[in-house]
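Readers should treat all values here as calculations from the given coordinates under stated rules, not as data from a laboratory. Just so you know, these numbers come straight off a predicted model, no measurement behind them. For neighbour counting, all protein chains shown are included, and Cβ atoms are generated from backbone atoms with ideal geometry for every residue, glycine included.
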Amino acid sequence: MTLKTTPLFAAHETLGASFTDFSGWNMPLKYSSEMTEHKAVRQAVGIFDLSHMGEIFVTGPDAVQGLNTALAGDFSKMTIGRAKYTVMLTEDGTILDDLIVYRLGDDRYLMVPNAGNAQAVSDAVVQRTVAMDLTIHDATADLSLVGIQGPKAADVVAALGADFAEAASSLKNYRVTEITVDGSDWIVARTGYTGEDGFEIITPNNQITQLWEQIFGLDIGVEITPCGLASRDSLRLEAGMPLYGNELSTQRTPFEAGMGRIVSFDKPENFVGRAALEPLRDQTPDTVLVGLTSAQRRAARSGSQILVDGEPVGVITSGIPSPTLSKPVALGYIAAAHATPDTAVELDIRGKALPFIITKTPFYTR
């Protein structure tokens, strides 16, 4: 299969990126080293090409009803300029995708699903809103997205021009605005996936290279570092953020993943997955997602078994040696009886049982 590439692929090659297959996309894994890029985001600013992510517009008088039927969240009280994290469920109440919804106007919303799920999400929204007065437009193939993350992110955005400076100063976290650049509509949002302050900018494909070059041409006394998917993964894991395909999947419900609070049972719409989840609302799941850390230095990897008294009680979904905290951190699913913070467990790491502690997440906060 030929991997898809973003409009910035040539720019990544010029910067010496090494690439990896991510959900059918040939994406930058890293440019220098994962450690360098990770620390750049924690200490200054890192720039990510996220153009593989989906962009699906929902517009029309029934847009809210459609979103409330297709997704688990409640968008009826969401004001213009807000962003909301939510999930799309299967009929069985498991997670088809996690995504962010932005409200851009009275009857105009933007959904940003994960790269590998964009088509499935678009198809599902169409199927779940039949006969409603709304329009679904999947613009994934036409738009590009750059993430600007780190404590100096606002400085970078402000330096791009007057409209950007206004966005950098006025947008609070999980807010969004639209601006016009050379006659085209761009979207600027203060969201991210690293645990740091950050912005995401969505542009037409034919203008993303212009933005990329402008960012790296800035002379504002801030070191601006291109970052790949390796550091994006280690940053989100330190921040305790789940990744679809690791912590989230069609094998897990929001209750197991610790995301029950974002499922709205108060809204009137019979959202897909509601019937399956209603009986589970007051029950403790058999297995739950937890964080784990260790005083020893060996990190766990996805698939490592979690042990209590030598018996398997769970499995690791993500694990790294934390560059910021200088100790291993991990996420995994464990039997609920052993999920209390500060519970001692062991992880089977290459045949050795090593000590870990159940730990509240996030591991890192700015």
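Residue count for region 69-82 satisfying the condition of being surrounded by fewer than 21 Cβ atoms within 10 Å (Cβ to Cβ) and either over 24 Å from T250 (Cα atoms) or charged (D, E, K, R) (or both): 7. Does S326 satisfy the condition of being hydroxyl-bearing (S, T, Y) and at positive phi? Taking the combined requirement at face value, the residue satisfies it.
Determine whether A165 is surrounded by fewer than 17 Cβ atoms within 10 Å (Cβ to Cβ), aliphatic (A, V, I, L, M) and either part of a helix (DSSP H, G or I) or touching a residue at least 12 places away in the same chain (Cβ under 8 Å) (or both). Judged against the criteria, A165 is a match. A single entry from P279, P285 fulfils the requirement of being part of a loop (DSSP other than H, G, I, E, B) and out of contact with any strand residue (DSSP E or B) (no Cβ under 8 Å at 6 or more places or on another chain): P285.
Among the residues that make up region 118-128, is at least one of them charged (D, E, K, R), touching a residue at least 24 places away in the same chain (Cβ under 8 Å) and under 22 Å from T79 (Cβ atoms)? No.
Mind checking whether some residue in region 53-65 is surrounded by fewer than 18 Cβ atoms within 10 Å (Cβ to Cβ), closer than 27 Å to D155 by Cβ, touching a strand residue (DSSP E or B) at 6+ places or on another chain (Cβ under 7 Å) and hydrophobic (A, V, I, L, M, F, W, C)? No, because not a single residue in region 53-65 is surrounded by fewer than 18 Cβ atoms within 10 Å (Cβ to Cβ), closer than 27 Å to D155 by Cβ, touching a strand residue (DSSP E or B) at 6+ places or on another chain (Cβ under 7 Å) and hydrophobic (A, V, I, L, M, F, W, C).
Can you tell me which residues in region 28-46 are within 12 Å of T194 (Cβ to Cβ), touching a strand residue (DSSP E or B) at 6+ places or on another chain (Cβ under 7 Å) and buried (at least 24 other Cβ atoms within 10 Å of the Cβ)? Scanning region 28-46 gives E37, V41, V45, G46.
In region 93-113, the qualifying residues are those that are outside any strand (DSSP E or B) and out of contact with any Gly (no Cβ under 7 Å at 6 or more places or on another chain), and the one that is surrounded by the most Cβ atoms within 10 Å (Cβ to Cβ) is T94.
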